[in-house]
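One structure is given below, encoded as C-alpha cells.
The values are calculated or read from the model by the stated rules, or taken from the named source; none is laboratory data. No experiment lies behind these values; they were computed from the predicted model shown. Note that each Cβ is placed from the backbone with ideal geometry, even for glycine, and that neighbours are counted across all protein chains shown. Please note that ligands, DNA and RNA were not included when accessible areas were found on the heavy atoms of the full protein model with its side chains. Shrake-Rupley method; radii C 1.70, N 1.55, O 1.52, S 1.80 Å.
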Amino acid sequence: QVQLVESGGGLVQAGGSLRLSCAASGGYTMGWFRQAPGKERDLVAGISRHGGSVYYADSVKGRFTISRDNAKNTVYLQMNSLKPEDTAVYYCAASTAFVRDSRWSEVRYDYWGQGTQVTVSS
C-alpha cells in the first residue's frame, strides 16, 4: 500500500508562489492533479520515474515546475505567478505504469493523496 502525503497548500495573493510537496515510497510515475468546485479533476503536471519526461497542462506552462528527489521519495510542484483560476484542491497521484512516447493521457494512476487546498485571492 502506497501512502501519498501532500503538503504546502494555502492562501496566496495573485502573482505569488507556493510549493507543494508529495512524500511517497518507491519509484512511480507521478502526477499532480487539481479539481476546482464543479469541475473535473485534471492533470496539471506529470513526471516520469527518473525525471526524463515531464508534462504540463497548457494552462500552467511557464508558471509551474514539477520535479522530484528520488533520494527523498518526494515530488514537488513549484507554482509561480499564481492566478485566481489556479484555486483548487491539488492532488498528488502515483502510477505503476511507465510513460511511453510522452503519452501522458494514457497513464492511469493507482494511488492518490488526500488533497491540499490552494486558494489564490485577486
Quiz item: Is it the case that the range 45-53 has a residue that's touching a Gly at 6+ places or on another chain (Cβ under 7 Å) and in contact (Cβ under 8 Å) with a residue 60 or more places away in the chain?
Solution: yes
Quiz item: Can you name the condition, by its number, that residue 75 falls short on among (1) open to solvent by 70 Å² or more (accessible area, probe 1.4 Å); (2) at pLDDT 95 or above; (3) touching a Phe, Trp or Tyr at 6+ places or on another chain (Cβ under 9 Å)?
Solution: (1)
Practice problem: Could you pull out the residue among 116, 96, 87 that is open to solvent by less than 60 Å² (accessible area, probe 1.4 Å), on the phi < 0 side of the Ramachandran plot and out of contact with any Gly (no Cβ under 8 Å at 6 or more places or on another chain)? | Solution: 87
Exercise. Being at pLDDT below 95 and over 14 Å from the mean Cα position of the chain (by Cα) is the filter; apply it to the range 12-37 and report the residue that is surrounded by the most Cβ atoms within 10 Å (Cβ to Cβ).
Key: 27
Exercise. Pull up the range 100-113, narrow it to residues that are surrounded by 11 or more Cβ atoms within 10 Å (Cβ to Cβ) and of a type in the set (Gly, Ala, Ser), then point me to the one that is modelled with the highest pLDDT.
Key: 113
Quiz item: Which of the following residues is assigned to a loop (DSSP other than H, G, I, E, B), of a type outside the set (D, E, K, R), touching a Ser or Thr at 6+ places or on another chain (Cβ under 9 Å) and at pLDDT 95 or above: 43, 82?
Solution: 82
Quiz item: Among (1) surrounded by 15 or more Cβ atoms within 10 Å (Cβ to Cβ); (2) closer than 19 Å to residue 117 by Cα, where does residue 55 come up short?
Solution: (2)
Quiz prompt | Within the range 41-52, considering residues that are surrounded by 17 or more Cβ atoms within 10 Å (Cβ to Cβ) and either in contact with a Phe, Trp or Tyr (Cβ under 6 Å, 6 or more places away or on another chain) or of a type in the set (A, V, I, L, M) (or both), the one farthest from residue 89 (Cα to Cα) | solution = 47
